[in-house]
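Reading through the structure tokens given below for one structure.
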Number of protein chains: 4
Amino acid sequence: MKELKEKVVEFTKERDWDQFHSPENLAKSISIEAGELLECFQWNSNYDIEEVKDELADVINYCILMADKIGVDPKQIVLDKMEKTAKKYPVEKAKGVSTKYNKL
Amino acid sequence: MKELKEKVVEFTKERDWDQFHSPENLAKSISIEAGELLECFQWNSNYDIEEVKDELADVINYCILMADKIGVDPKQIVLDKMEKTAKKYPVEKAKGVSTKYNKL
Amino acid sequence: MKELKEKVVEFTKERDWDQFHSPENLAKSISIEAGELLECFQWNSNYDIEEVKDELADVINYCILMADKIGVDPKQIVLDKMEKTAKKYPVEKAKGVSTKYNKL
Amino acid sequence: MKELKEKVVEFTKERDWDQFHSPENLAKSISIEAGELLECFQWNSNYDIEEVKDELADVINYCILMADKIGVDPKQIVLDKMEKTAKKYPVEKAKGVSTKYNKL
């Protein structure tokens, strides 16, 4: 993960793109790329694996830049969030259902 | 990264949620969470770091599940995409500008 | 509005596209097009008016199709929602602030 | 449509919210609300009609504000875009298929 972050940040640095990468602009970029990923599934659940790989990579790329920009570790925030989610969705209540926590 | 993936997948398994996690549903989920992340910046560029951490974590979490579901390595697809992007945005043309490749 | 709806529905009928327009697929389409609209503002607040018009039109187009598909009147649902929003955001509390209702 | 626009704009004016409604912020808002609409279909194609009505209304509401803000007529831009789309998707080629124009 650390190595990947360094490569992503280096790529941005080489192009002097850091000036465009405010947290706000990165949040927009993640939404935009998420929309392109969703487009792979617009009309049905079949998908072209190469397109999905490219679009998913774009989302992850901007997530790494966002984490770097706001100074957090991607792994750590996912682990922290899982703890919170575990409380909202305890195994005994959430098992096998997709119900939202406020209706569980 | 591998360790994180295992924890995320394990969390899902414990709750028997894998049945809901088709690639299509995960693509929807990534878009939905990206929208929640964007909401942290809806009216201005200030943000609550705790909210951003939580929402960014949700996006990354679903990206990891998606990569696992379609059988690809998150790190590898980002590196592969960077190679393609490097060709679309060569340093000498793209340096310091946010212009889209088709207008460079 | 009624005339516009008829034209949009007719366009779809001519192409036999109604089969793809499940509410779920239309919801995906609205998100995808909203992402394309957002792309007009990805790196700054300047925008190309022609691009914005095209992308905004796509969002509205799918909204009209969605309303038609689920059998509701676009105008009526906006008016109904405004009544609810007025209760969440009474003028005296919400005036001049962008605070979310749960923090007002 | 004109009457609806007036009510939506009036609602905003009463709350002095126009200051937050830059085209950029409205584009973000449309994406955010589109994500909430998509959430109604996150795990399957069943939906709660009341929730869908509310979320669709939010998207339409922000689209009306955006059109007003950039000084265009919602109906006209949809008609204009339909003309362009008709050229990209002529009936004889597009009939009954969901293929994107660049692959038709």
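See the values below:
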{"read-out": "Failed item, numbered, when residue A:85 is tested on (1) more than 20 Å from the chain's Cα centre (by Cα); (2) at the interface with another protein chain (Cβ under 9 Å from one of its Cβ atoms)", "value": "(1)"}
{"read-out": "Selected residue (criterion: farthest from the other protein chains (Cβ to nearest Cβ)) from residues of the range D:88-104 that are aliphatic (A, V, I, L, M) and not in a helix (DSSP H, G or I)", "value": "D:104"}
{"read-out": "Total residues in the range B:25-39, condition open to solvent by 20 Å² or more (accessible area, probe 1.4 Å) and more than 19 Å from residue A:80 (Cα to Cα)", "value": "1"}
{"read-out": "Residue within the range C:40-52 that is buried (at least 20 other Cβ atoms within 10 Å of the Cβ) and closer than 14 Å to residue D:61 by Cα present", "value": "no"}
{"read-out": "Pairs, first polar (S, T, N, Q) in the range D:69-95, second open to solvent by less than 40 Å² (accessible area, probe 1.4 Å), C-beta under 8 Å, six or more apart", "value": "D:85/C:11"}
{"read-out": "Conditions (1) more than 19 Å from residue B:32 (Cβ to Cβ); (2) within 18 Å of the chain's Cα centre (by Cα); (3) open to solvent by 40 Å² or more (accessible area, probe 1.4 Å): number failed by residue D:100", "value": "(2)"}
{"read-out": "Count - residues of the range B:61-78 that are open to solvent by less than 40 Å² (accessible area, probe 1.4 Å) and either more than 7 Å from chain A (Cβ to nearest Cβ) or under 16 Å from residue A:34 (Cβ atoms) (or both)", "value": "11"}
{"read-out": "Count - residues of the range A:28-60 that are within 14 Å of chain C (Cβ to nearest Cβ) and either under 14 Å from the mean Cα position of the chain (by Cα) or not in a helix (DSSP H, G or I) (or both)", "value": "22"}
{"read-out": "Single unsatisfied condition, residue B:85 versus (1) under 22 Å from residue C:36 (Cβ atoms); (2) polar (S, T, N, Q); (3) touching a helix residue (DSSP H, G or I) at 6+ places or on another chain (Cβ under 7 Å)", "value": "(3)"}
{"read-out": "Residue match in the range A:7-27 (condition: of a type in the set (A, V, I, L, M) and more than 14 Å from chain C (Cβ to nearest Cβ))", "value": "yes"}
{"read-out": "Number of positions in the range D:3-24 that are among the aliphatic types (A, V, I, L, M) and either without any contact (Cβ under 8 Å) to a residue 24 or more places away in the chain or open to solvent by less than 40 Å² (accessible area, probe 1.4 Å) (or both)", "value": "2"}
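The values are calculated or read from the model by the stated rules, or taken from the named source; none is laboratory data. Here the structure is a predicted model, which is why all the values come from computation and not from measurement. Glycine gets a Cβ as well: all are built from the backbone with ideal geometry, and neighbour counts include every protein chain shown. Keep in mind that these areas ignore ligands, DNA and RNA; they rest on the heavy atoms of the full protein, side chains included. Shrake-Rupley method; radii C 1.70, N 1.55, O 1.52, S 1.80 Å.
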